Structures are given as C-alpha cells and as structure tokens.
Amino acid sequence: MEIKVIDSIDELTLYKTEWDSILKEINNDILFLELDWILFWWKFFGDKHELFVLMAFNDDKIAGICPLMITNKAIYNEIRFIGNRESSSNDFILRDKYREEAFECICNFLRNLNGKNIIAFDVISERSANYALLNKYLKVNKVPFISKDVISYFLNLKDKGFKNHFEHRFGKKTRQTMNSKEKKLKNLGNLAYKRVATSEIDEVFEIHEKRWLRKVGNSSFSKGGTKEFYKELASNKNMKFNINVDAITLNNRIISFMYGFEYNNKYLFIRIAHDDDFYFLSPGELVFKKKMEECFSSQIDVFDFGLGYEPYKAKWTDYYKIAYNTILPSDNLLSRLIFYIKFWTRIKLIITLKKNKRIYNFRKYYLGKIKYLFTSKNISDKITKIKRAVERDGLLSIIIKFFISLTGKIFSHKQYLILEKNLESVGLPQSNMQVKEAAIDDLDALSKAMNESPSSIIRRFINKHKCYIALHDGKIIHYCWIDCSSIKISNIKLSISVGKSEVHIYEAFVEKKYKNNYEYILSNVFNLLYRNSFRKCYITVNSSEKSFENEIYKKIFHPSYKVFEKRLLHTVKHNIVELKLADKS
C-alpha cells in the first residue's frame, strides 16, 4: 500500500467522484468530511495553510483518505485536519476492507516525515472505529501523545413528540417562566420565529459581536474571514447539506438567532446568540426551543448540540458522546522536544484547571464581564454617556446632584408636591413637531435621548409603562414616562395607587432650546392620554428644586398632596398630607 500526497486543489477536485463514492460506501454521517465543505473552507482560509491530503492506494484503488493541511508555525509545522476550527467532528475516510492497513500506513507516513512536525488529530469520536485503531497504534508503537476530551450532546428525535419531551425535561415552574418571558416579548410588539433572509444576515453577525463583548472564548464567528465564510455559506444553495439561520424577531428586528446545518437527517448546531438589550427575557432560550420544536416535527432524526458543555444543552438531553483531540510528534528528537515543551505541559495544565470548578466558573461567568470593562467599546460608551449628560444638564448641575446624592444617603429632609390635572381634549395649532407614544421601535433613539441603557428602557415597557416623545427633524427633543398604576416618588419607597382612568408622569425631559414649546408639547401629550381614555394625570415635583419645568407644572397643574420625607442613614420616614380644596386653589 502506498501513500500519495495531494497538495493542490485542482488535483484534489479530480477525485471528487471517488471521494463521494467512498463516503457513501462507509455511510458517512460527518458533514465536515464532504469534499464540498472542504473546498468551500479552503476558498476562505487556504492561503494560510498548505494542502496535505493523504491518499492510501492499494494498487490503483483508493483504500483510504486523510484530509490534512500543514500550517507553518515558524519553528515547526503543525499538521491537522482541514477546517479544524470550524469543524465539530473529524475522522479518517477509510474503506472497511482496508481500514487497518490503510490507517497504519497513513500514521507511519506521518511519523516518518522529515523536519519538526506536530500532528493533531482533532475531534475524533470515541465511537469511531478509527479512534480504536489510533489508540492501538499509539500503544503498540509506544508513541508519545497527549489527549484532551471534549463532550458533545445529542438527542434522538425519531418516534418522539416535542410536547412530551419538553414537559419531561422541564418542570412546571420552568415552563411557566419560559412562557411568561415569551408573553412579555409578545406584549412589546410583533414577535415571530423565522428563517433569516440573505439580506438580513449582517444583523446576525452584529448581534453575535455585541454579545461576545461580554464573553470569553472563540468569538471568530463574527470577525474577519470567518464572518465572510459563514456569511457566504448561508447563501450557498449548492452544498450537499442545508444551511439554516433561524431567528426570533420583534417588529422585524432580530433579537436572537441560531446558525446550523441539516445533513443526512441530522441537525448540527453551530452558533447561537441574543441581543444583550433583551437578555433578561431570554430570547436565545426561545429561539432554541422553537428550533427544537421544528426539528421534532420535521424529518430530523438526530439533534446534535455541537461541541462543549453548556448548561442549556444538558437541560434538553442526557445523551452525549466524547470526542478526543490527540496530539503527537513525528518520530525525531526535535519534534518530541517541541511536543513536550509546548503541548504536553500546556494541555496538562488546561485539564487540571478545568477540573477546578471555581476557576472554570470564574472564567465562564465572570472573566468576560471583567474583560468588557476594559474594552475600547465600553470606555468609549462611558465617555459618550458623560458627554451627553454634560450637554443635557450642565457640568455644575451634575456635580451638585452628585454631592446631594452622597449626603442624602446619610441625612436628608425633602418635601415633594404631587400635582394633578383633569384631562380634556383641546384644539392645538399645527406644528413641525411630532408628538406620539413611543414603542419598542424607538428603543435606540430613546436610549440615546435618555442616556440610559436599552435594557432598562425595555423593563419599563415590560412593566406596562407608557412613554410619549416629541420629535423635531427626526430627533427626540422631549420624553415623559407614564405609570398607569401608581404614583412612585424617586429614591423613596412610596407608592400611591391611582384609579383606572388616572396616570402619573414620573419622568419628563425637554431640551432647553425647546422650553418655550414645552406647554404645547405637554398639551399634545394630554390629548393623547385623553384619547386613551385617561381623565386625570399627576406629576411630582421636588419643592426645593427651581427649574422652568417645575414652574410650568405649577402653572397648569393643581396641588393634590404634600409628601414629607426624612432620611437618617437607612431609615426613611415619610408623611403624606392630602391638601384641602382651599390649599389647592
């Protein structure tokens, strides 16, 4: 048996028919061994590697194939399966009749290579017949090696129903929580599960990039050449497998996605991410559930969760398989030295650290958040936020508020005035300003205008608070938030219930250059509230604060309650006094 090295793509494509024939003969179920995948991967990443496909020939017949590549690492060569970083499973392609002989022939060829070579057989399943041969070969020939295992969850869907499986795996309280979050998302707008169109694919990578700012690990999916690879792959219709990008959308805005492949009645999960603005509503969990439900109802027999342990994977199934990354040197002194110094010690350390749950949990759940604090994106956002606050309120005002808040935590004595106004519909002149009720589509503009995180604004919408905005030339110049259930005064635990037709304006802002238009803007807001069947509104002002807004409120509202607050350290006392008719007038 002889080994032939294929080192050019043109030559490799000549063997496509026989390659495909062998895969069919051995009932291959590994997508990443398809020549279509290998050629497509090489198109994007081949310039950084040398093609090194080994074909074992028995006379003129191909007995086996090992699809490898060489990567130059300055002082040594690294030999790996083609596409290893994007592949979640690899293997030798060997005809059953010649398996043992072809396997030994390929391994001997690699071990006897001249030069400094490190050979990495990544992600070979323990269930593969070739993995057993690898172990035997290493033991018999006393080859130095190091192996690292990786878990891969899977679920057989055949003859099972989604509803029964879902209820079996998830308790009643968990299902109620999941349904509650989905309902809250539906209350925000038009919620849908859909297949992502080619024209929308960039949005998928933006969400992934945004999400991975706060995580550690392999974030290459949304970067550089890897991004372009997955982007073009998603639009490719000429593969032997289907590429599915599914998403949860809110008013056509993608808030979570799932990227995966369908191959030989198997779904292979590749990547998932959600928009961090909606993290507390778990849109990633929702898209996973919807995809799982779709796979149960289609012709999918096996759902492959991909490499690695994640808590959400273990919630769906108890079934898993182990794959191994096995590294060994060529049979010469320099290769062995590089192997022990660079690989053996490093992998042993990684294995040891992974066994320490504290270190594992710190890396997985906290290190990414710490890393984000020092990213240029976070620093830039913080600077922008400070600039907006200074432009909006003035530096002196910010400094004064800061010191008041500090001293107020120790001792304070405040007096609030709750004002009320009966609502009625009034005629207003035409204006170039637009006043309307804000919706989730205004999230980004609201976040910028309020200088507040999108997630905190979403929480307000979730709590059924309304927001009215005034726009001039497409920019928000005014906003006010409406609580339809109670009067809550900032910084103190005080809540006064209001009637069904009553509302409380608890936060309002107008840009200073539009202060002469503020009464007009408020009148528009009152008209909108009246159309929504509200007949009375309240607003709370701090009696000690002097501002043009407060003067306008006192002009168009009438006093209803006085609230006295006394704070000493953590003790807060307040007294509410309802004003008599004489006091109100």
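Quick notes on this one:
- Hull-based mean projected area of the stretch 438-562, where the convex hull spans the alpha carbons, in square nanometres: 8.1
- Debye-sum result for the chain in log10 I(q)/I(0), which assumes one identical scatterer on each alpha carbon, at q = 0.07, 0.08, 0.10 Å⁻¹: -0.61, -0.73, -0.96
- Using the Karplus relation 6.51 cos²θ - 1.76 cosθ + 1.60 with θ = phi - 60°, the per-residue 3J(HN,Hα) values for the stretch 25-37 come to 5, 9, 6, 4, 10, 9, 4, 6, 9, 5, 5, 4, 5 Hz, with x marking Gly and Pro.
- Accessible-area order (highest first, 1.4 angstrom probe) of the listed residues Met433, Met55: Met433, Met55
- Sorting the Cα pairs of the stretch 472-526 by distance into bins of 5 Å, from 0 upward, gives 4, 17, 23, 20, 15, 14, 7, 1 percent per bin.
- A Cβ-based charge dipole, computed about the Cα centre of the chain with Lys and Arg at +1 and Asp and Glu at -1, lands at about 3260 debye.
- Taking all C-alpha pairs of the stretch 124-174, those more than 17 Å from each other amount to 60 percent.
- On Cα atoms only, tilt of 224-234 relative to the major axis of the chain in degrees: 90
- Rounded if a/c under 1.5, otherwise prolate or oblate - the stretch 20-163, Cα gyration tensor axes: rounded
- Working from Cα pairs under 8 Å separated by at least six residues, relative contact order for the stretch 188-329 is 21 percent.
- Computed over the chain: relative contact order in percent, which uses C-alpha pairs under 8 Å that are six or more apart: 13
- The angle between the Cα long axis of helix 99-111 and the longest principal axis of the Cα atoms of the chain comes to about 80 degrees, rounded to the nearest 10.
- C-alpha center-to-center spacing [the stretch 335-379, the stretch 161-196] in angstrom: 35
- Computed from label points 7 Å out along Cα-Cβ, the spacing between Lys173 and Arg535 is 4.4 nm.
- Between Lys562 and Ser453, the FRET efficiency from the beta-carbon distance, with R0 = 41 Å, is close to 0.75.
- Estimated D of the stretch 265-338 in µm² per second, where Rh is the Kirkwood radius over Cα pairs and Stokes-Einstein applies at 20 °C, 1.002 mPa s: 138
- Percentage relative contact order, the stretch 244-387, counting C-alpha pairs under 8 Å, at least six apart: 13
- Here the stretch 435-449 and the stretch 286-321 have alpha carbon centers that stand 36 Å from each other.
- Sorting 295-302, 120-127, 325-332 by their mean Cβ neighbour count within 10 Å, with the most densely packed peptide first, gives 325-332, 120-127, 295-302.
- With all protein chains modelled, accessible area of Arg214 [1.4 Å, Å²]: 90
- Evaluated over the Cα positions of the stretch 78-167, the convex hull gives a direction-averaged projected area, one quarter of its surface, of 8.6 nm².
- Ratio Rg/Rh [Cα only; Rh per Kirkwood] for the stretch 332-386: 1.31
- Rg(Cα) / (2.2 N^0.38 Å) computed for the stretch 390-470, rounded to two decimals: 1.50
- These residues, Val525, Val140, go from largest to smallest accessible area, 1.4 Å probe, as Val140, Val525.
- With protein chains left intact and a 1.4 Å probe, residues in the stretch 74-231 average 50 Å² of accessible area per residue.
- When each of Lys183/Lys466; Lys215/Lys475; Lys266/Lys289 is checked by Cα-Cα distance, pairs over 24 Å: Lys215/Lys475
The values are calculated or read from the model by the stated rules, or taken from the named source; none is laboratory data. Everything numeric here is computed off the predicted structure, so don't read it as measured data. Note: ideal-geometry Cβ built from the backbone for every residue, glycine included; neighbour counts use all protein chains shown. Note: areas computed on protein heavy atoms with side chains; ligands, DNA, RNA excluded. Shrake-Rupley method; radii C 1.70, N 1.55, O 1.52, S 1.80 Å.
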